[in-house]
Amino acid sequence: MAGQDPMLSTSHPFYDVARHNILQMAGDDHFGRRVITFSCCRMPPSHQLNHQRLLGYLKYTLDQYVENDYTIVYFHYSLNSQNKPSLGWLQSAYKEFDRKYKKNLKALYVVHPSSFIKVLWNIFKPLISHKFGKKVTYFNYLSELQEHLKCDQLLIPPEVLRYDEKLQSLHQGRPPLSIKTPPPRPPLPTQQFGVSLQYLKDKNDGELIPPVLRSTVTYLTEKGLRAEGLFRRSASVQMVREIQKLFNQGKPVNFDDYGDIHIPAVILKAFLRELPQPLLTFEAYEQILGITSVESSLRVTCCRQILRGLPEHNYIVLSYLMGFLHTVSQESIFNKMNSSNLACVFGLNLIWPSQGVSSLSALVPLNLFTELLIEYYEKIFSAQEVPREHTVGTTEASRQGSPLPAHRQATGRATPILPQRPLKAARRHL
């Protein structure tokens, strides 16, 4: 099938449905919530698609995300009499998605709604709770989505793009498809978001750990390690933008003023997500995807080998972050965030492809790799296992007053010294 996910295996429990690419993973929205898209134009005629299997696949996919806040973007274009499910199926589907699925669904964006959708809404309105109804937003044009998420992250089907362009041309006076934007301004000297690690180092007197990363990690280490669901919750987009602006302007940020431990957690994820290149680099993407084909007993060694190819600066920042997440996982009895749960949150914030977004099937190896980095932090980042590549001056890796100081081994690598916490008696074998 054209455009089929190359990583999709015929052994997938819902291969017959998944091969159509009706569902896609699309990164995070501006609120830090995972985004899943549903494209009606990829639904084959009803006689070629078992709608009960489709329902099973929807639940199977959402089960991976319902513990975290998430968003669904529904592209309605091309749902027609040939491929649309029956009203009875829609009613049973709504009932199947119980509170577990609805609770953390924070937004359902319906793109290119038709009169059919409006009629359907009136039919189901008595069955739909007022609280759930407030989560639904209609967008007549793709450009209206920009306020809520990055459209360049979405794998929007070409048919939908063409339809949107047609709508724009038919309705004069509406916003054009391609809105002219002013040329980008050079970043501020104090900029924290959307700039490279090298830029941050150059503008912060050679400091290797970016200020916003150190600030959030320090605060969460001191006050958030036992917060239940840490990193799973989103925050007000207005508040997040306000804090990002303060950081970018070099102004002090006191997270105590906001009274929500999840805010610094969202800021940390936003920083990673807005790096021009992922912390694990584009070059490592294909290598990381191969982690599932490596024998379980050799995966830690494989992780070390992959990390050897990282630039020195990326390695040091990654080690600092993974050391912190390892510490978070040690408190999982309180925060409910073990290494597996943390990996589901951070996988796509650490690595993504240079073109497009990661497919649903790519999430398994990406999350597994991240889980290994967190769970086996001490083994993977042990200095003895990493070859000497480039030596970074001690003054660059450790700054006076650092909340998580770094020590230097013979290799020149910096490893954060985290608060001493008891290790698990037995770790799950991966």
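The values are calculated or read from the model by the stated rules, or taken from the named source; none is laboratory data. Remember, it's a predicted structure, so these values are computed and weren't measured experimentally. Heads up, the Cβs are rebuilt from the backbone with ideal geometry, glycines too, and the neighbour counts pull from every protein chain shown. Side chains included, ligands, DNA and RNA excluded: accessible areas come from the protein's heavy atoms. Shrake-Rupley method; radii C 1.70, N 1.55, O 1.52, S 1.80 Å.
Here are some notes:
- Top-ranked residue of segment 284-313 - restricted to ones that are open to solvent by 10 Å² or more (accessible area, probe 1.4 Å) and under 19 Å from the mean Cα position of the chain (by Cα), ranked as farthest from GLY229 (Cα to Cα): GLU286
- Scanning segment 32-64 for residues that are under 20 Å from ILE156 (Cβ atoms), in contact (Cβ under 8 Å) with a residue 60 or more places away in the chain and assigned to a loop (DSSP other than H, G, I, E, B) turns up just one, ARG33.
- Evaluation of PHE271 against (1) open to solvent by less than 30 Å² (accessible area, probe 1.4 Å); (2) within 29 Å of GLU375 (Cβ to Cβ); (3) out of contact with any Leu (no Cβ under 7 Å at 6 or more places or on another chain) (one fails), failing number: (3)
- Within segment 1-28, residues that are of a type in the set (Gly, Ala, Ser) sit with their Cβ atoms under 8 Å from residues that are open to solvent by 50 Å² or more (accessible area, probe 1.4 Å) and at pLDDT 80 or above, at 6+ positions apart or across chains, in these pairs: SER9/TYR15.
Quick grid of which residues meet (1) in contact with a Gly (Cβ under 9 Å, 6 or more places away or on another chain); (2) not in a helix (DSSP H, G or I):
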{"residue": "LEU208", "(1), (2)": "no, yes"}
{"residue": "THR216", "(1), (2)": "no, no"}
{"residue": "ARG233", "(1), (2)": "yes, yes"}
{"residue": "LEU268", "(1), (2)": "no, no"}
{"residue": "LEU279", "(1), (2)": "no, yes"}
{"residue": "LEU289", "(1), (2)": "no, no"}
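- Matching entry among TYR65, TYR74, TYR57, TYR70 (being hydroxyl-bearing (Ser, Thr, Tyr), modelled with pLDDT of 85 or more, under 19 Å from ALA343 (Cβ atoms) and within 23 Å of the chain's Cα centre (by Cα)): TYR70
- Residue in segment 349-356 that is open to solvent by less than 10 Å² (accessible area, probe 1.4 Å) and either farther than 23 Å from THR221 by Cβ or of a type in the set (Ser, Thr, Tyr) (or both) present: yes
- Checklist (1) at pLDDT 90 or above; (2) open to solvent by 40 Å² or more (accessible area, probe 1.4 Å); (3) in a loop (DSSP other than H, G, I, E, B) applied to VAL253, failing item: (2)
- Test: residue in segment 206-213 that is at pLDDT 95 or above, within 30 Å of ASN104 (Cα to Cα) and surrounded by 15 or more Cβ atoms within 10 Å (Cβ to Cβ): yes
- Qualifying position, being crowded, with 19+ Cβ neighbours inside 10 Å and at pLDDT 90 or above, among TYR258, TYR219, TYR199: TYR219
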